[in-house]
Each structure stands twice: as C-alpha cells, then as structure tokens.
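Scroll down for the structure; my scribbles are underneath it.
The values are calculated or read from the model by the stated rules, or taken from the named source; none is laboratory data. Owing to the predicted nature of the structure, the values given are computational and were not obtained by experimental measurement. All Cβ positions, glycine included, derive from the backbone under ideal geometry; neighbour counts span all protein chains shown.
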C-alpha cells in the first residue's frame with residue numbers, strides 16, 4: 001500500500017537557559033462545513049384569503065338628483081326671487097359612494113344597500129381589476145336596506161356565502177369596502193354581538209355587530225369570516241361624533257339571501273302578514289303569565305279573518321318562539337314575521353293559561369284599504385289614498401299612503417306626490433282614512449307628510 005509522505009514540522013523554541021527543545025507539530029483536521037441556514041417560519045397573514053375574496057367586492061358610484069319639495073308656492077317666481085331660491089327646473093345633482101358584493105358572477109348580480117343607490121339616475125361599478133361597468137337596478141327593499149343591481153357578466157368572481165347562523169360572539173371577521181371613496185380597504189375585528197334589533201335603523205333589524213372599523217362608503221360591502229365566506233352585508237355604524245367608534249352593523253347573509261331571491265325574481269320582497277300586534281313583556285306581566293323572566297312578546301291584537309285568527313291565536317297569548325327561534329321581545333317577533341315571504345308557512349310556540357302550545361300559520365297578503373281622495377275631502381279629488389300597516393322599530397303603525405295623483409287635479413294643487421305618507425293634520429296624528437276625513441274639516445289645513453324619508457309640511461285651505 002502506498003503511503004503519502006507525512007510532513008512533520010520541527011519547532012525550535014529558544015529557552016531562557018540557552019537549551020533547545022524540538023517539538024513535533026501536526027496541522028488540525030479540516031473543519032466541518034457549517035449547517036445550511038434554516039428558513040424563517042411563515043408569519044400568520046390574511047393575505048392568501050384576501051387574494052381570493054377582494055375581486056368579489058366592488059366600489060359603487062351613483063349620480064342622482066336631490067329630492068325637492070314640490071309645492072305650488074315654491075314654483076312662484078316672486079317667492080323664489082325673494083328668498084333667493086334656485087330655479088326648480090335646475091335640480092341639484094348629488095353623488096354617492098358605496099360598496100357592493102358580487103352575488104352571482106354568471107348573472108352579473110351585485111348586492112348592496114338600498115340607501116347607496118337611492119334616487120340614482122346613473123350607477124357605475126368599479127371592479128377590483130379597474131374595470132368600470134354601468135349597472136341597472138334589479139330590485140330594492142327599503143325595509144331591510146338591501147338592493148340588487150346588475151352589470152354585464154364576464155370575468156367576474158362571486159363571493160361564496162357562509163352560514164351567519166353559525167356565527168358566535170368572538171369570531172374573527174374582516175370588513176371590505178370603499179370607505180370615504182378611498183378605494184378598496186380591508187379592516188378586521190371580531191363579532192361583538194348577534195341579533196341586534198330595536199336600533200331604529202331599519203324597519204326590520206337582525207344585525208351582526210362588529211368592531212371591525214366600518215366607515216361611510218363601506219355600506220354594501222362584505223363582512224367575511226376567516227375562510228373567506230360572506231357572512232354579512234355592512235350597513236351602518238354607530239357614530240355619535242360622525243366617525244367610527246368601533247360599533248358597526250351588518251345584515252346577516254342568511255337574511256340577505258332570502259331578500260335577494262325575491263328581488264331577483266319579483267323586483268321586490270313579497271312580504272306578507274299574520275294579522276297580529278304584540279308588545280314587550282314587563283316584569284309584572286311575566287309574573288302574571290307564570291314566567292320567571294320577561295322573555296317573549298304578548299299578543300295585544302288579533303285581526304279578524306287573518307292567519308293568526310284562523311290559527312286560533314288570541315290576545316293575551318305570549319309568543320315564545322317562531323320557527324324554533326326563541327323570542328325575547330316584541331321587536332324580535334316583528335322582525336321574524338317581517339322577514340317571512342308571502343305564502344310561507346311558519347310555526348309559532350305560544351303560552352296560554354300556563355300551557356305551551358304550537359300552531360302553524362301561513363303568511364297572507366297584507367290587507368289594503370284604498371279609496372279615492374274625493375270621498376275623504378274635496379281638496380283631495382284626483383288622488384288615490386291607501387291605508388297601510390307598517391312595522392317600524394317602535395311597533396306596528398297605521399299609515400296613509402298617496403298611491404297616485406291626476407295631473408291638474410285639486411289634489412295635485414296641494415303639493416302631494418305619489419308615495420307621500422300622510423302623518424298628521426293640524427298636528428293631530430292620522431292613521432286611517434276616517435281619521436283623515438275628520439281632521440280635514442278645519443278651514444286651514446297644515447299637513448305633515450313624509451317624502452322619501454324626509455319630513456315635510458304642506459299648508460293649504462280646506
């Protein structure tokens with residue numbers, strides 16, 4: 001075997017005593033290679049989920065006309081000149097910014113808030129990729145503040161819907177929208193509460209409350225869970241000082257889905273009624289009914305011939321649950337009923353004389369009482385008036401609606417317009433056509449109305 005020559009070195013060290021010492025030196029073995037650098041662990045991030053979700057959230061831009069009071073005196077040129085009012089033919093143009101969620105990519109359907117597109121003459125949608133598309137209105141439901149608009153289909157991505165009934169307080173959520181017109185913006189937070197109602201924001205309320213920052217312009221945007229599923233439509237904020245304070249509200253996707261189906265097929269949500277009115281239980285009433293706490297809604301009125309009467313419900317029955325969902329107060333009962341479709345069957349658990357019982361009802365067409373205006377008062381000739389019953393945050397109330405008005409008629413001269421709600425005459429609230437007829441017997445008439453949600457007053461002589 002051949003050996004390699006071994007190199008030995010001699011190190012001579014001079015010692016202080018003058019002697020010499022020979023030392024053999026062997027070089028060290030080669031060093032081991034350094035271990036390869038390990039990759040840093042990935043940081044937690046919502047970015048992968050958001051890359052899939054953001055293309056399904058759009059910015060909505062509308063252009064419309066500001067509502068104007070339409071009263072004969074406002075058309076008088078001398079009156080307008082004296083008060084320096086603008087020409088009524090030059091209506092003021094308004095602009096609005098909001099958000100929307102692509103619900104169906106195949107059909108080009110986008111869900112947003114009704115207030116985002118209210119009074120809009122033009123609607124434009126800006127997609128995540130920068131495309132701008134014109135949109136048309138498919139249907140609106142002001143009672144829940146939901147609307148559906150349509151854009152040309154093609155290259156769209158829809159957002160998968162989750163199950164808002166599975167949400168719990170503390171779940172993480174992400175809000176996506178167009179706050180202040182800045183462009184698509186993402187904020188995060190948790191579910192702060194569920195089933196919020198009685199806020200007076202909409203006629204029917206069942207909100208998800210979140211602390212994910214929601215600001216003006218977020219309306220109609222998406223509230224998603226960490227799986228990237230749509231769980232709510234951002235709608236409103238609590239803003240005592242005009243800005244977000246961490247209390248935002250979203251319409252649950254389960255509610256939105258029901259409304260959207262009717263808006264797509266009928267252009268409106270075909271809401272029915274059961275023919276009952278209810279109030280909250282007080283502590284005293286709860287004790288009288290044998291309940292340990294004031295949870296439920298006591299029926300105060302059952303209208304003859306309506307589904308509730310046909311099912312045998314009576315005043316004094318306490319509603320405990322609707323479709324297996326416990327009812328805490330009259331607001332919840334009103335909201336549950338208000339979200340039922342015409343013809344839908346609903347189960348109701350009630351308490352009567354200490355005994356629980358279940359009944360099944362079918363939602364019926366709301367009753368409408370309509371009369372020509374001249375049967376109420378000569379000044380209303382040419383108008384058609386209708387008694388309607390509307391559920392509000394404060395309860396079910398009777399309202400008088402102006403259905404239509406003939407041009408050039410005495411009713412047109414009063415300044416009333418189709419869609420107006422007559423609330424009071426000479427500061428006396430009116431809920432029925434008979435009450436309106438009695439109130440209008442006075443010589444001078446001061447009429448309080450609501451027009452597109454804005455209170456107005458009309459003054460004319462009887």
Could you check how many residues of region 189-222 are closer than 23 Å to residue 55 by Cβ and out of contact with any helix residue (DSSP H, G or I) (no Cβ under 9 Å at 6 or more places or on another chain)? 3
Taking region 373-403 and keeping only residues that are farther than 16 Å from residue 440 by Cβ, modelled with pLDDT under 90 and either in a loop (DSSP other than H, G, I, E, B) or over 25 Å from the mean Cα position of the chain (by Cα) (or both), one is left with 386, 393, 394
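With 328, 345, 352 as the choices, which residue is surrounded by 16 or more Cβ atoms within 10 Å (Cβ to Cβ) and at pLDDT below 95? Walk me through it before giving the result.
Working: 345 fails: surrounded by 16 or more Cβ atoms within 10 Å (Cβ to Cβ); 352 fails: surrounded by 16 or more Cβ atoms within 10 Å (Cβ to Cβ).
Of the residues listed, the single one that is surrounded by 16 or more Cβ atoms within 10 Å (Cβ to Cβ) and at pLDDT below 95 is 328.
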Please determine whether any residue of region 111-126 is part of a strand (DSSP E or B) and under 17 Å from the mean Cα position of the chain (by Cα). yes
Conditions (1) closer than 30 Å to residue 279 by Cβ; (2) crowded, with 16+ Cβ neighbours inside 10 Å; (3) out of contact with any helix residue (DSSP H, G or I) (no Cβ under 9 Å at 6 or more places or on another chain); number of the one not met by residue 125: (1)
Can you find a residue in region 191-205 that is assigned to a strand (DSSP E or B), crowded, with 23+ Cβ neighbours inside 10 Å and at pLDDT 90 or above? yes
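Please enumerate the residues belonging to region 136-155 that are farther than 26 Å from residue 207 by Cβ and in a loop (DSSP other than H, G, I, E, B). So that I can check it myself, show each step before the final result.
From region 136-155, those farther than 26 Å from residue 207 by Cβ are 136, 150-155; that's our starting set.
Once the filter is applied, which keeps residues that are farther than 26 Å from residue 207 by Cβ and in a loop (DSSP other than H, G, I, E, B), region 136-155 yields 151, 152, 153, 154, 155.
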Residue count, region 355-386, condition touching a residue at least 24 places away in the same chain (Cβ under 8 Å), exposed (fewer than 15 other Cβ atoms within 10 Å of the Cβ) and within 26 Å of residue 295 (Cα to Cα), comes to 2
Across region 156-188, what is the total count of residues that are crowded, with 18+ Cβ neighbours inside 10 Å, out of contact with any helix residue (DSSP H, G or I) (no Cβ under 9 Å at 6 or more places or on another chain) and part of a strand (DSSP E or B)? 3
